[in-house]
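Read the figures in this text as sums done on the coordinates, not as results from a lab. None of these values were measured; they are calculated from a predicted model. For neighbour counting, all protein chains shown are included, and Cβ atoms are generated from backbone atoms with ideal geometry for every residue, glycine included.
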Amino acid sequence: MDTTLINILCLVLLFLGMLGTFLPVLPGLLLSLCGLLIYKYGTDADLSMIYIWAFGILTAVSVVLSYVIPAKTNQKYGGTRWGSIGSIIGTIVGMFLPIPLGFLIGMFAGVFIGELLHDSKDMNKALKSTKGAFIGFIYGTGFSLVVGVAMFLVVVLNMLNII
């Protein structure tokens, strides 16, 4: 395959990966990592292996953080372990719901329901806990977006022979 076509494919995957960090219909950083790997091994690029390892690790960290951060910020905003567990269960269940933003709705519903199961009389606490999960989601998404942009920039700068 022509190097130019491979470069275009890589840039498209990297761009779609960045979009996927906040659009749930795309696999996010996994697309970006695929673009990076195709660029490294599909062209004659002299991209250092340190970038491959670093971005591979950051992608794995991002996947874990997307579940952990909302659960932890839930607790920071007064949530209980019930809300944290509900956040993780709701996110996983929501991924399989055939609705847009199912994972996000599932996460918030999981936190809210988990808190209500813990204390059915304190709806205000459940709402605060859900707010904490939302803030955690924003943090996790921001981290993923930064990693995606960094991958894109590394490839573009390498294409331009700057790094």
- Karplus 3J(HN,Hα) series, Hz, for region 70-79 with 6.51 cos²θ - 1.76 cosθ + 1.60 (x for Gly, Pro): x, 5, 6, 5, 4, 5, 4, 8, x, x
- Note on the structure: With Cα springs under 10 Å, the Gaussian network model of the chain assigns the largest mean-square fluctuation among T141, T43, T21 to T43
- Which stretch or stretches of region 134-163 have amide N atoms under 17 Å from the point lying 7 Å from T3's Cα along the Cα→Cβ direction? 155-163
- Whole-Hz Karplus couplings 3J(HN,Hα) for region 4-19, θ = phi - 60° and coefficients 6.51, -1.76, 1.60, Gly and Pro as x, run 4, 5, 5, 4, 5, 4, 4, 5, 5, 4, 5, 5, 4, x, 4, 4
- Task: Count the lysine pairs in the chain whose Cα atoms sit under 22 Å apart, keeping only pairs 8 or more residues apart in sequence or on different chains.
- Result: 8
- Hull-based mean projected area of the chain, where the convex hull spans the alpha carbons, in square nanometres: 10.0
- First measure r as the distance between the Cβ atoms of L127 and L153, then evaluate 1/(1 + (r/R0)^6) with R0 = 45 Å and state the FRET efficiency to the nearest 0.05. 0.70
- Message: On C-alpha positions alone, give me the angle between the axis of helix 81-95 and the longest principal axis of the chain, in degrees, nearest 10.
- Response: 50
- Task: Before rounding to the nearest 500, sum -39500 (n - 2.57) across all DSSP H runs of length at least 4 in the chain and divide by the residue total; then give [θ] at 222 nm in deg cm²/dmol.
- Result: -27500 deg cm²/dmol
- Note on the structure: Cα extents of region 88-128 per principal axis, largest first, Å, are 31, 14, 12
- Note on the structure: Residue separation between V63 and F22 times 0.36 nm, minus their alpha-carbon distance, gives in nm 13.5 nm
- Message: Could you derive backbone 3J(HN,Hα) for region 142-153 from the dihedral phi with the Karplus parameters 6.51, -1.76 and 1.60 (θ = phi - 60°), listing whole Hz in sequence and x where the residue is Gly or Pro?
- Response: x, 4, 4, 5, 4, 5, x, 5, 4, 4, 4, 5
- State the answer as a single residue: which of I8, G148, F108 lies farthest towards the positive end of the charge dipole of the chain, with beta carbon charges of +1 for Lys and Arg and -1 for Asp and Glu, about the Cα centre. F108
